[in-house]
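The values are calculated or read from the model by the stated rules, or taken from the named source; none is laboratory data. Remember, it's a predicted structure, so these values are computed and weren't measured experimentally. So basically every Cβ, Gly included, is an ideal-geometry build from the backbone, and we count neighbours across all protein chains shown.
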Amino acid sequence: MSLETKSTDIGGVAYQVTQLPAMRGLKLLNRLGRALGPALADLLGGAESLSSIAQMDLGALGVSVRALFDRLTEDELQFFTATLLENARVTINGQVGPLMPVFDLHFAGQYENLFRLLWFALETNYGNFSGGLVGRLVALRGQASPIEASTISPPPGQPGASSSPAR
């Protein structure tokens, strides 16, 4: 097995993000959960997946984004960004190369695109259970969500799965 690399286009720029190795991904997930759990639950509460957040207008997220930043220190933001994007690549003038050496100049004034890429990196690393993660975070917040029933239960045909559609 190898680490999966996914590609995306954000603001007309092509990016490639490679998954973190499992132990590094687990450590990051633990740190993300401790730092951002409640605020992330608010942000994800109405989302079907991490990818659906990447398509949202960040300005429309208002209070949820403010809650994230209230809990997130500068050091944590730098750590999460550097870790999620450590193996990311960008295409500039037709040349593909590592993102981090050009990060500061590339994203200067382009913070919305930066946050879209961070969401993409989260989905690349945790997307295979992002629906379940969303449901669990919403449950932690004490709210029910229609996505919980469809994402936490096993897929059809697997042990414990229901043959009736989720409501």
Check: What do you reckon, is Gly127 modelled with pLDDT of 90 or more and small (Gly, Ala, Ser)?
Finding: no
Next item on the list: Just one of (1) touching a helix residue (DSSP H, G or I) at 6+ places or on another chain (Cβ under 7 Å); (2) at pLDDT below 95 trips up Leu114, so point out which.
Entry: (2)
Item checked: Subset of the stretch 72-111 (residues that are charged (D, E, K, R), within 19 Å of Leu32 (Cβ to Cβ) and at pLDDT 95 or above) -> Glu86
Check: So which pairs qualify, if the first residue must be in the stretch 79-90 and acidic (Asp, Glu), the second must be surrounded by fewer than 17 Cβ atoms within 10 Å (Cβ to Cβ) and assigned to a helix (DSSP H, G or I), the Cβ gap must be under 8 Å, and the two must be at least 6 apart or on different chains?
Finding: Glu86/Met100
Note to self: Take Phe69 and tell me if it is buried (at least 17 other Cβ atoms within 10 Å of the Cβ) and either at pLDDT 60 or above or part of a loop (DSSP other than H, G, I, E, B) (or both).
What the structure shows: no
